[in-house]
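Report on the following structure.
Every read-out reported here was derived from the displayed coordinates using simple, explicitly stated rules and does not represent laboratory data. Just so it is clear, the structure is predicted and the values come from calculations on it, not from any experiment. Here the Cβ positions follow ideal geometry from the backbone for every residue, glycine too, while neighbour counts run over all protein chains shown.
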Amino acid sequence: MKNKYILLIVVIIIILIGAAIAVYLNLNQEEEEEVCQDCSVESFEDCIANGNAIMESYPRQCRTADGRTFTENIGNELEKMDLIRLDYPRPNQEIESSLIIQGEARGYWFFEASFPIFLTDWDGLIIAQGIAQAKGEWMTENFVQFESVLEFEKPEYGNKGNLILRKDNPSGLPENDDALEVPIIFK
């Protein structure tokens with residue numbers, strides 16, 4: 001009789017240990033599945049698409065459940081803010097033809113009251129170009145309003161591109177080159 005109780009206790013202990021191991025393995029598998037939900041996240045856009053939180057900052061940032069952080073591409077806007085500012089379109093904004101471009105640039109960004117603008121597709125191919133015209137006295141070091149209109153056909157492939165606002169450089173010297181580049185999305 002005593003042996004039966006000992007055997008019963010040993011069987012119950014073995015069952016409890018087996019159940020504990022099964023629960024432990026199941027929890028680890030669920031954690032791995034949760035982490036793997038973010039395994040496909042490779043960009044800011046992927047991070048948002050997976051429903052992760054967006055941090056209120058500029059540029060915006062998105063953090064995955066496993067702690068990785070992705071920053072929104074806004075081009076070199078922050079680096080050039082003291083030279084040229086773009087009011088419209090803003091980085092990552094959807095655009096369509098006839099695109100009205102507006103902003104302000106330091107007077108020395110212009111030459112003869114203008115500077116060149118280029119619109120490229122995802123691959124860097126120029127699909128439109130134009131001239132931004134100063135809307136005031138440009139012979140100054142202060143900011144001067146500018147405006148331009150670009151006509152273009154939406155690229156057949158891809159919906160992303162870049163708007164490039166080049167500092168006019170009549171000297172042709174590389175040290176005088178400069179540009180504001182902002183990513184855009186074709187509507």
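Computed values, structure above
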read-out: Kirkwood-based shape ratio for region 77-186, expressed as Rg/Rh from alpha carbons; value: 0.96
read-out: Stretchable slack from ASP87 to ILE185, in nm (0.36 nm times residue separation minus alpha-carbon distance); value: 33.7 nm
read-out: Built amide H within the under 5 Å cut-off of PHE146, gap 5+; value: GLY103, GLU104, ALA105, LYS135
read-out: Summed side-chain charge close to PRO116 - residues other than PRO116 whose Cβ falls under 15 Å, Lys, Arg +1, Asp, Glu -1; value: -4
read-out: Cα centre as origin, Lys/Arg/Asp/Glu Cβ charges: region 77-186 dipole, Debye; value: 120 debye
read-out: Kirkwood hydrodynamic radius of the chain, from inverse mean 1/r over distinct Cα pairs, in Å; value: 20.6 Å
read-out: Degrees separating the helix 2-36 axis from the principal Cα axis of the chain, which is the longest one; value: 10 degrees
read-out: Label-reachable residues, region 117-134, where backbone N falls under 17 Å from a point 7 Å from THR140's Cα toward its Cβ; value: 133-134
read-out: Exposure proxy order (Cβ contacts within 10 Å, fewest to most) of ASP178, ASP123; value: ASP123, ASP178
read-out: The chain, relative contact order in percent, only Cα pairs under 8 angstrom and at least six apart counted; value: 18 percent
read-out: Within the chain, helix-based [θ] at 222 nm, where runs of 4 or more DSSP H residues each add -39,500 (n - 2.57), nearest 500; value: -8000 deg cm²/dmol
read-out: Long-range amide H partners of PHE186 with built H, under 5 Å; value: ILE95, LYS160, GLY161
